[in-house]
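Some notes on the structure that comes next.
The values are calculated or read from the model by the stated rules, or taken from the named source; none is laboratory data. Remember, it's a predicted structure, so these values are computed and weren't measured experimentally. Positions of Cβ are generated from backbone atoms using ideal geometry, with glycine treated the same way; all protein chains shown enter the neighbour counts.
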Amino acid sequence: MDPAHYLPLLLGAAWLVPLVSFVIIWVGYSLPQMAGKRASYRTSKLGAYVATGSIVLSVVLSFFAMFGVWLPSNPLVDATHHGEVLEEQHAEDGHAAAQASSPFKMVAAESESHAAGEHANNPPPKYYSGEWYNLCTFGKLKLSIGYYIDALTVGMFCMVSLIASCVHFYAMGYMHDELHDFTDPEVTLSNGEQLKRPGRYHRFFQYLSLFSFSMLGVVIAGNMAMVFVFWELVGICSYFLIGFYIERHSASTAANKAFIVNRVGDFGMLIGMMALWSSLGTFTFGDATDEHGNEVKGVFSQLRTEQNDYQLAPADSMVEEQTRIAPHSVGESASADGPAEYNTAGQWLLLIAGVGIFCGCVGKSAQFPLHVWLPDAMEGPTPVSALVHSATMVAAGVYLVGRFYPVFSPEVLLVIAYIGCITLFIAATIAITAVDIKRVLAYSTVSQLGYMMLALGLGGWVAGMFHLITHAFFKSLLFLCSGSVIHAVHSNDMTDMGGLRKKMPITAYTMLAGCLAIIGAGIPLSTIGFSGYYSKDAIIEQAFSFGSANPKHIILQWAPVVGAAITAFYMFRLWYMTFAGKPRDQHRYDHAHESPRVMTGPLVLLAVFAIGVGWTLPGTNLNVTNLLEQARPVGTLETTHGTLLPDLVVPNEHESHLDKFRVPAGIAAFGTAASGLLLATIIYLWNLLNPDELKQSFRPLHNWLWNKWWFDELYDYVFVKPTLVLSGWMAKCDLKFIDSILHGAAALCRGGSQVVDKLFDQTMVDGTVNTFARGTWDFGLWLRKIQTGRLRQYVLFIVVGTVLLFVAITFVQGYLTAS
Amino acid sequence: MFELPLANLLTEPVGVAHYVTVGAIMFVCGVLCMATKRNALGILMGIELVLNGANLNFIAFGSPYLRSDANSLGLDGQLIALFVIVLAAAEAAVALAIALNFYNNYGTIDVDRADQLQG
Amino acid sequence: MTLSEPVVYLSLLVFLPALAALVLALLPKVTDDALKLITLAVTIMVFLLSLGLMRQGVGIDFQAGVAEMQNAFSVDWIPSFGIQYFMAIDGISFPLVVLTAFLCVPAMAASWPINKHVKAYCILFLLLETGMLGVFLALDFFLFYVFWEVMLLPMYFLIGVWGGPRREYAAIKFFLYTLVGSVLMLIAILMLYFNSDLRALDNDQLVAAHVVESVEAARDWRSSVPDLSAEPDRMQNTFNILALQQMGQDPDLDLFDDEALFGKSIQWWAFLLLFVGFVIKVPSVPFHTWLPDAHVEAPTPISMILAGILLKMGGYGIIRICYPICPGAGYDLAYFVCFVGVSSMVYGAFAALAQKDFKRMVAYSSVSHMGYVVLGFGVWSAVAGTSYNADYWKMGANGAMFQMIAHGISSAGMFFMVGVIYDRVHHRDLDKFGGLFAKMPVYSGLAIGIFFAGLGLPGLCGFIGEVLVVLSVWKYSVVLAVISAAVVILTAGYILWTIQRVYLGAEYKGPHGDALTPISMRELAIAVPLLVLAVVFGVYPNCVLRYMQPSVDRQVEQLAELTPLFEQRESDANPLGDDEQMAAR
């Protein structure tokens, strides 16, 4: 079968099936509701069946894509025999891809085969990319929905859809309370009663379907814009699912917190995207051909050109862009004409782009300093925690770092490593004191994500992604187990539990498997162990390799080792407190029971995966590492040096498997994990040390950890409160300042017009007119005096008048004649 | 030398100047009568005097016997005098009616009592 | 006189509501419901007429791929001043005309709760519609101004008579603010008018500006007016916007380049005055304070019109008049324009966060969202040093245009959603809501959908415009880009917080809780199309872009071609060199 044709088809279908399910549930349930029918469908499980059926279909399609299409056309090569073998295999891929053609204008970009040894760096992995749907085009700029499928995509599809379907099945049992009217024990109304509301069974599955669609969209995304679109969509699904109990104030607050903190990360991501977009003019990962048949270079091949031996170098357009923004930053290098590694042209922009994109990952993957939302997100129902907040969505950040790996310069990788290192340590320490079973797991998730980031930052791409896959299985298992426990005892608090092993054996032992997987239990220096053993050891090996190359950053070598001890301690503290010892709350213990089959089934399945996902399938060389090795990002198989930090060295990942790193790393990992486990056993199983006394003796430390390093309070004081105060000021500014100016201006106008009215109109204009009127009036009054009404007087006047007239005329005439 | 204009009237034959002098005297008498009499009928009489004084002038100026030059008014003077007589009669009728009415209202014909026309 | 003549079709489109208003005024006693029904029918007819433009073969056609003005016609109106009844339609005005005609339908449908002086209300509503459509279609500056004012008065009465408790204050504030803008605009119009000279254009330009029909007619016309070289003072002034654009953009002409005041050219001042006039309408900080008051006091349908259409006139003016007529000034003032846009975005978002009144919050969100529009138009990102590339500017301008349409849908929807609960409980205090989801599930679902469209969630209309604008800004100014990107955090903050306070939660905390009945069919019929459009525009932006993009792109290209000239001029005037300016930016 032609993978170029079938892979997009299969994975595209697997991606869209949950969307269809979402729409079906929405139409099937929302339309009757709009029409006013409210109660009839609530008790129906149909929605759950549709959602579960769709995700199972996705699993089938994904696994078929993996085993029926991908693996036959891309046979695995044993990772331990890299070198020439790899080169040859890539060369073959190149030929295979060159013959590929597709109705989707697919381009299987692959370099021409090179003579082994001419280039030390690895060429781009085999991938299929193309475009499904064009959102908008502006000249050469284009935003579209497309796909980029390589071994990592296929692997992630299998992992995500598999875990999602386990969670779907599990949730069918876990959420059965929602089938009928639901009394929420955590919400007390103002009249003192508990809130009673209709169940929302179907809505939960509707959200799960939408989430599955969005998550698969992130995985299959063929360009950065599409990643961002689905990035936001998983965010909103997470918002809906965390806030599923919308009546609980804590839940809706946690949902808001999750979304807003993620937006902070997205803010950085937008900046990174802008930097890339403005300098490269494309978001597409892979190369493509436009309608004229010209090759359009994707982000990766623009930054790691074949001519440059796939080493990361800013594209010319990037140098130009940096020159445009900050002309002085490249001034000296342009004139110095020095060696390439000291040329900072475009490097700063590359750094901004890398760190910006990573910011988005920090938000989504709950890395320090944006890790605060994830523990609160545990307000959502437990299946959500298992699926969204441990296995898939929060891992999307790690996935994106892995996907975007070719763009990250060594400096960005160092930032990633430090962020991962800080996160893994902080989260692990907080997990020691938490007593809420889900919060322990949440901090453990944060810590493990830190491990992955650390691994990626140290150059251990396969190690990081491998840990992503193994962690997804064992962490979703752990969450589902904790959900099973919560379902049984109706409490999250571990101080209410204890001794549950006897009541719920399946849960207890599957969870034990999960615990062993997360601490990386295995026989040191052998190839036998739980899944976490392989991935975590790979990380620590890489850390040792990095540490030896960069003595300055030795802390990055030891942090994961210390973290391993803490992980082992808090995980077994959790297990012992829950399942071992004596029941602390007899009443809850008596009512506890093993969960129904629909819930334990997924537990067992996940436990199998948690144990064995790191193994090689007997008789083949099929294992996750080899699969991931197929997707190794272009140009990461060479030791690289920093440009802005010239003494930074990111070692070749394959070197970490050398014995000089493998042996000490394996021993250190085993030793620390064993010591952590031992300490937990001493305190919580054998009770040789009293935890309460320890708490007393380390009170300040306990307080510090119990309050989660005061991050929430710090952020509240530093960001939330000032923002609200500032917004208050701005709103007041409108009312008090701008409107005051307006009102002042209005008053001024009114006052001015009054003055004008007084001074000009009333005094001058009216005054003049009135004076005339008054003069006439007064004159009339005066004249009136001679109107005596006496006839005789009038006659006199006539006479006098006549005489005077005569005299006057005579005089005038005399005067005239005289002159 | 100062010469009284009317001095030689007595020495000349009767001509226009004499008529005019008599008319003037009648006119002045009429005016004085109007101005001094409080009795409405007296005033009427004064008016008649004034009118007839004027008439005398017209007749004098219109008479070819008195004025032998071509400047005489001719028949016009007599005609106007006739008009004046007619008008005087009409005026007297109206004025007497007013006076009667006035008397009915005030019980007197003293014109000083009639000051409603005062402004 | 058939519908296939532009003069008939477009006149009918514009004046049908006014005619209907006249008929309504003459009608004898009719019941209120009948009046509303008639008005609704008229708005629907106008909407169908506007849609008819899209459909080939019915009346006149609007060709989607054509960038130039289509269906132009001009009739002399006041010939002694060269004033014409001149209308045409292109990709910039067409989507706004359809949006206007569309939004009037749900707005009228939302007017059912109005029971006071229904006849007067309907008449004013229809007059308002005529004014708005006229503004988008008029291409004669004088005609444009007349329509601009015609639209103002009905709005004043609609707020002042049918508004809330402080309606007089709000109406007068709205009126005076807008009037100030109009006056500034009028000054600029006259400045341009008295400096324009049709004779300076060559024959092709005259034809392109629809001053004359053909090149031959242009020759005839030229022989009928005084010769330019012989009698330069006998200018042939014009109000024709297209001709003014030609004069402003022709690099060989300097009609508007004379110094006017303080060493700045006529076009600099004209641009500034026009821009301030339009920005008052948009509204941008600091000319925005009429908006919250007007919105809070206006009845729901009028809020919908106000936010959905009236604000767009400012943006339309900027892209249709400011930039094409005064490109040089636009280049000089690009940073100012962008700064105004960004400060509105930030300020509006912050202020929205602090509001206690639901409608005020939505009003401030409008200020914030319309900031994207100003920013998108202002991004003169063709300035790219060595090799300029207008693609980013195209993206910004198209994004801004799209944002206008998207905001028209989402803000009208948001105001309607506020109106629905205000009709029920008669208060808008955000702290006294809660738990609406349980009482009004369908309504809450729709409302949350609409609010997410405002938040800019992918798949809904707000996202496309915002992303296009924000992504294009970097190319112009990194600082502004970073600030504008930061607004996404604040937007999420105030929208989610509002949703939490109003829709989520256990129980309703305010008065009249019993009145919270489920959404009625009429309300559903208004809300559902709005949400559907929000989704359609979000996932299929090309359905809008295919109409507007050719025109916007063409205009951007024309202006971008002038950019090297302006750069040259700037560097001549400022011999210090580009470095300082770059650093300053």
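Note down all Cβ pairs under 6 Å where the first residue falls in region A:293-320 and is among the small types (Gly, Ala, Ser), the second is assigned to a loop (DSSP other than H, G, I, E, B), and they're at least six residues apart or on different chains.
Taking only residues 6 or more apart or on different chains, the pairs are A:298/A:285; A:298/A:286; A:298/A:287; A:301/A:287.
Yes/no matrix, rows are residues, columns are (1) within 14 Å of chain B (Cβ to nearest Cβ); (2) aliphatic (A, V, I, L, M); (3) over 30 Å from residue A:442 (Cα atoms):
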site: A:718; (1), (2), (3): no, yes, no
site: A:731; (1), (2), (3): no, yes, yes
site: A:737; (1), (2), (3): no, no, yes
site: A:756; (1), (2), (3): no, yes, yes
site: A:768; (1), (2), (3): no, no, yes
site: A:791; (1), (2), (3): yes, yes, yes
site: A:794; (1), (2), (3): yes, no, yes
site: A:807; (1), (2), (3): no, yes, yes
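Kindly list, by first and then second residue, each pair from a residue in region A:136-157 that is polar (S, T, N, Q) to a residue that is assigned to a strand (DSSP E or B), limited to pairs with Cβ atoms under 7 Å and residues at least 6 apart or on different chains.
Sorted first by the residue in region A:136-157, then by its partner, the pairs are A:144/A:131; A:144/A:133; A:144/A:134; A:144/A:135; A:144/A:223.
Which numbered condition trips up residue C:394, out of (1) more than 13 Å from every other protein chain (Cβ to nearest Cβ); (2) within 21 Å of the chain's Cα centre (by Cα)?
Going through (1) more than 13 Å from every other protein chain (Cβ to nearest Cβ); (2) within 21 Å of the chain's Cα centre (by Cα) one by one, residue C:394 breaks only (1).
Tell me the residue from A:780, A:751 that is in a helix (DSSP H, G or I), facing chain B (nearest Cβ under 10 Å), small (Gly, Ala, Ser) and more than 17 Å from residue B:116 (Cα to Cα), please.
A:780 is the lone residue from the list that is in a helix (DSSP H, G or I), facing chain B (nearest Cβ under 10 Å), small (Gly, Ala, Ser) and more than 17 Å from residue B:116 (Cα to Cα).
Okay, residues lined up against (1) of a type outside the set (Val, Ile, Thr); (2) farther than 22 Å from residue C:139 by Cα:
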residue	(1), (2)
C:89	no, no
C:95	yes, no
C:98	no, no
C:104	yes, yes
C:110	yes, yes
C:115	yes, yes
C:118	no, yes
C:122	yes, yes
C:126	yes, no
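For residue C:322, which of the numbered conditions (1) of a type outside the set (A, V, I, L, M); (2) free of Cβ contacts under 8 Å to residues at least 40 places away in the same chain; (3) over 20 Å from residue A:735 (Cα atoms) fails to hold?
The failed condition is (2).
What's the total number of residues in region C:493-519 that are more than 10 Å from chain A (Cβ to nearest Cβ), assigned to a helix (DSSP H, G or I) and small (Gly, Ala, Ser)?
Of the residues in region C:493-519, 2 are more than 10 Å from chain A (Cβ to nearest Cβ), assigned to a helix (DSSP H, G or I) and small (Gly, Ala, Ser).
Within region A:1-23, which residues are free of Cβ contacts under 8 Å to residues at least 60 places away in the same chain and over 27 Å from the mean Cα position of the chain (by Cα)?
A:9
Being more than 14 Å from chain A (Cβ to nearest Cβ), modelled with pLDDT of 85 or more and farther than 21 Å from residue B:78 by Cβ narrows it down to one residue among B:47, B:25; which is it?
B:25
Checking residue A:367 against (1) of a type in the set (S, T, N, Q); (2) at pLDDT 85 or above; (3) more than 27 Å from residue A:450 (Cβ to Cβ), which test does it fail?
Answer for residue A:367: the failing condition is (3).
Step by step: first the residues of region A:187-242, then only those that are of a type in the set (S, T, N, Q) and under 21 Å from residue C:541 (Cα atoms), then the one that is farthest from the other protein chains (Cβ to nearest Cβ). Which residue is that?
The selected residue is A:223.
Could you please find all residues in region C:521-535 being free of Cβ contacts under 8 Å to residues at least 40 places away in the same chain and away from chain A (no Cβ under 12 Å)?
Of everything in region C:521-535, just one residue is free of Cβ contacts under 8 Å to residues at least 40 places away in the same chain and away from chain A (no Cβ under 12 Å), namely C:532.
For the subset of region A:2-37 comprising residues that are exposed (fewer than 13 other Cβ atoms within 10 Å of the Cβ) and not in a helix (DSSP H, G or I), which member is modelled with the highest pLDDT?
A:35
Given the structure, is residue A:274 buried (at least 21 other Cβ atoms within 10 Å of the Cβ), of a type outside the set (S, T, N, Q), at the interface with chain C (Cβ under 9 Å from one of its Cβ atoms) and closer than 21 Å to residue C:480 by Cα?
When the stated conditions are applied, residue A:274 passes them.
Within the bounds of region C:293-300, is there any residue that is closer than 30 Å to residue C:560 by Cβ, touching a residue at least 40 places away in the same chain (Cβ under 8 Å) and over 17 Å from the mean Cα position of the chain (by Cα)?
Checked against the condition, which is being closer than 30 Å to residue C:560 by Cβ, touching a residue at least 40 places away in the same chain (Cβ under 8 Å) and over 17 Å from the mean Cα position of the chain (by Cα), region C:293-300 yields no hits at all.
So, in region A:243-271, of the ones that are charged (D, E, K, R) and at the interface with another protein chain (Cβ under 7 Å from one of its Cβ atoms), which residue ends up surrounded by the fewest Cβ atoms within 10 Å (Cβ to Cβ)?
Applying the first criterion (charged (D, E, K, R)) to region A:243-271 yields A:247-248, A:257, A:263, A:266.
Add one more test, that the residue is at the interface with another protein chain (Cβ under 7 Å from one of its Cβ atoms), and what stays is A:247, A:263, A:266.
Values: A:247: 22, A:263: 25, A:266: 24.
Out of the qualifying residues, it is A:247.
Within region C:163-256, considering only helices (runs of 4 or more DSSP H) that don't extend past its boundaries, which have at least 1 residues that are of a type in the set (S, T, N, Q) and in contact (Cβ under 8 Å) with a residue 60 or more places away in the chain?
Details: elements: C:167-195, C:203-208, C:215-224, C:241-249.
In region C:163-256, C:167-195, C:241-249 are the helices (runs of 4 or more DSSP H) which contain 1 or more residues that are of a type in the set (S, T, N, Q) and in contact (Cβ under 8 Å) with a residue 60 or more places away in the chain.
If I ask for residues that are of a type outside the set (Gly, Ala, Ser) and within 12 Å of chain C (Cβ to nearest Cβ), which ones from region A:739-748 would you list?
A:739, A:741, A:742, A:743
Could you tell me which of the residues C:445, C:449 is within 28 Å of residue C:524 (Cβ to Cβ) and without any contact (Cβ under 8 Å) to a residue 60 or more places away in the chain?
Criteria check complete, one pass: C:445.
Would you confirm, using the coordinates I've provided, whether residue A:506 is of a type in the set (A, V, I, L, M, F, W, C), farther than 22 Å from residue A:428 by Cα and assigned to a helix (DSSP H, G or I)?
It is true that residue A:506 is of a type in the set (A, V, I, L, M, F, W, C), farther than 22 Å from residue A:428 by Cα and assigned to a helix (DSSP H, G or I).
Does residue C:449 satisfy being more than 10 Å from chain A (Cβ to nearest Cβ), closer than 23 Å to residue C:414 by Cα, of a type outside the set (A, V, I, L, M, F, W, C) and more than 20 Å from the chain's Cα centre (by Cα)?
Yes: the conditions hold for residue C:449.
Looking only at region A:38-58, count how many residues are under 26 Å from the mean Cα position of the chain (by Cα) and either closer than 13 Å to residue A:202 by Cβ or modelled with pLDDT under 75 (or both).
Residues flagged as under 26 Å from the mean Cα position of the chain (by Cα) and either closer than 13 Å to residue A:202 by Cβ or modelled with pLDDT under 75 (or both) within region A:38-58 amount to 2.
Within region A:134-163, track down each residue that is in contact with an Asp or Glu (Cβ under 6 Å, 6 or more places away or on another chain) and away from chain C (no Cβ under 14 Å).
Scanning region A:134-163 gives a single hit, A:146.
Can you name the residue in region B:75-119 that is among the small types (Gly, Ala, Ser) and part of a loop (DSSP other than H, G, I, E, B) and, of all such residues, is surrounded by the most Cβ atoms within 10 Å (Cβ to Cβ)?
B:114
Every residue, every condition in (1) buried (at least 24 other Cβ atoms within 10 Å of the Cβ); (2) more than 18 Å from the chain's Cα centre (by Cα); (3) of a type in the set (A, V, I, L, M); (4) modelled with pLDDT under 95, yes or no:
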site	(1), (2), (3), (4)
C:108	yes, yes, yes, yes
C:113	no, yes, no, yes
C:117	no, yes, no, yes
C:120	no, yes, yes, yes
C:123	no, yes, yes, yes
C:129	yes, no, no, yes
C:133	yes, no, yes, yes
C:146	no, no, yes, yes
C:150	no, no, yes, yes
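I'm told residue C:566 meets every condition in (1) within 29 Å of residue C:336 (Cα to Cα); (2) modelled with pLDDT of 85 or more; (3) buried (at least 19 other Cβ atoms within 10 Å of the Cβ) except one. Can you identify the failing condition by its number?
(2)
Any chance region C:266-282 includes a residue that's under 19 Å from residue C:350 (Cα atoms), within 14 Å of another protein chain (Cβ to nearest Cβ) and at pLDDT below 90?
No, there is no match, as no residue in region C:266-282 is under 19 Å from residue C:350 (Cα atoms), within 14 Å of another protein chain (Cβ to nearest Cβ) and at pLDDT below 90.
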